[in-house]
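Structure first, then comments.
Values in this text are rule-based calculations from the coordinates and carry no lab data. Quick caveat: nothing in here was measured; it's all calculated off a predicted structure. Methodologically, a virtual Cβ is constructed for each residue, glycine included, from the backbone with ideal geometry; neighbour enumeration extends over all protein chains shown.
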Amino acid sequence: MRQMSPDRRAALRKVLAAALLAPLLLAASACSKPAKLPRLEADAVVLAFGDSLTFGTGANEAESYPARLAALIGRRVVREGIPGETSAAGLARLPAVLDEVRPRLLLLCEGGNDFLRRLPRQQTADNLRAMIRLAKDRGVEVLLIGTPEPGFTLTPPGFYAELAKEFGIPYEGEALAKILKDGSLKSDQIHPNALGYRMMAERVFEVLRKAGAV
């Protein structure tokens, strides 16, 4: 058999390497694409579900983030926030709320009270996963909002981003962290004020816009 020249062997290695690398690059590109949502029709209902951050503790109802968001997106946003609610209580409450409201999109913001009570992270992650599945099983799209853990960094635990990736849903994990680090945007140590809720609504609106929902 005729031996291949060194130059030809090197060229062949480059071709093989490129052939092997191409699928990996394609997969990485697909994974890096931001999650998309169907466009919300004008009469679509959006459900904002969570605890005191959704209720709007620290501001009046018209200044809560769901109310601010409704004005930004031009769709009805139902505010279903219960102060003090844990993710386990939210999971128990969600099915009935979904059946009653029949939303097209769920804005899920739970976990803060779990962190304050020092409940296991895995328990919170499992409850959020179950809530996302409940919505998905009913044909409801989901946008996940990360709640920071108390502490010096005030950042949401990594499981929020992992859940968003697992389900291929949009994720907002920056707004509350920024708000709660700025005293001018807070009504107390754990709640935004009216200006903070406006910033939260604007950030959620931006995520929805980039996802194609509005």
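Listing for the model above:
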read-out: Distance (nanometres) between label positions extended 7 Å along Cα→Cβ at LEU119 and ILE82; value: 1.1 nm
read-out: Listed values (1) 1.02; (2) 1.28; (3) 1.22, entry calculated as Cα Rg over 2.2 N^0.38 Å; value: (2)
read-out: Qualifying lysines (Cα of each under 28 Å from Cα of LYS36; at least 8 residues distant if same chain); value: LYS136, LYS165, LYS178, LYS210
read-out: Where labels lie 7 Å past Cα in the beta-carbon direction, separation of GLU100 and THR153 in nm; value: 3.8 nm
read-out: Trypsin sites (Lys or Arg not before Pro) lying in DSSP loop within the stretch 53-122, provided at most 10 other Cβ fall within 10 Å; value: ARG117, ARG118
read-out: Loop-exposed GluC sites (Glu not before Pro) per DSSP, neighbour cap 16 Cβ within 10 angstrom, longest uninterrupted part of the chain; value: 42-173
read-out: The chain, relative contact order [Cα under 8 Å, separation at least 6], %; value: 24 percent
read-out: The stretch 173-200-the stretch 87-161 distance, computed between alpha-carbon centres (Å); value: 19 Å
read-out: DSSP-defined antiparallel bridges as percent of all bridges, the chain, nearest 5; value: 5 percent
read-out: Gain on full stretching of the segment that runs from LYS165 to LYS210 - 0.36 nm per residue minus C-alpha separation; value: 14.6 nm
read-out: Label-reachable residues, the stretch 82-102, where backbone N falls under 11 Å from a point 7 Å from ASP137's Cα toward its Cβ; value: 95
